[in-house]
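The values are calculated or read from the model by the stated rules, or taken from the named source; none is laboratory data. Treat the numbers as computed from the prediction; the structure is a model and nothing was measured. Ideal geometry is used to build each Cβ from the backbone, glycine not excepted, and the neighbour counts take in all protein chains shown.
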């Protein structure tokens, strides 16, 4: 059995890592689909799909998760919402169930006869990417909420500065 988890992972944090572990306890394999893969350098989506892939891959390795049981892939947002489930089936390896706590996503997938499992969220108040991005911008201690490999990548790409510049900029490219 193969489970699918989807998210923007801006950035990938310890709550996401716990969900990967939960899925792998219930399924043979997990697909980690990086959504909004076409967006980057935006306040809501500061990191590229490639950077997010590195964050996830590095986190899985760091925490000794069997990479042969994991697929990490980017998927672009679709503008025709009614065909989104069909797009996921075409763009991703076969999956048996989707793990999502988002009621809207659950409704869309269930309308397409895709089994949705509501995950057990790990300390959702602390492990929230919007909060972590705000902490990065304001210079707070954000590193304890992400795997060390994510911290290393954000520092290597000067991601803290990227977020600060983006947040102060009056240039707002078309957002989604």
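Brief remarks follow.
Each row is one residue, and each column tells you yes or no for (1) at negative phi; (2) crowded, with 18+ Cβ neighbours inside 10 Å; (3) in contact with a helix residue (DSSP H, G or I) (Cβ under 7 Å, 6 or more places away or on another chain); (4) touching a residue at least 40 places away in the same chain (Cβ under 8 Å).
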site: 13; (1), (2), (3), (4): yes, yes, yes, yes
site: 30; (1), (2), (3), (4): yes, yes, yes, yes
site: 46; (1), (2), (3), (4): yes, yes, yes, yes
site: 52; (1), (2), (3), (4): yes, yes, no, yes
site: 56; (1), (2), (3), (4): yes, yes, no, yes
site: 77; (1), (2), (3), (4): yes, no, no, yes
site: 82; (1), (2), (3), (4): yes, no, no, no
site: 88; (1), (2), (3), (4): yes, yes, no, yes
site: 108; (1), (2), (3), (4): yes, yes, yes, no
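- Check on residue 117, crowded, with 17+ Cβ neighbours inside 10 Å, modelled with pLDDT of 95 or more and under 17 Å from residue 32 (Cα atoms): no
- The number of residues in the stretch 141-164 being over 20 Å from residue 48 (Cβ atoms) and in contact with a helix residue (DSSP H, G or I) (Cβ under 8 Å, 6 or more places away or on another chain) comes to 4.
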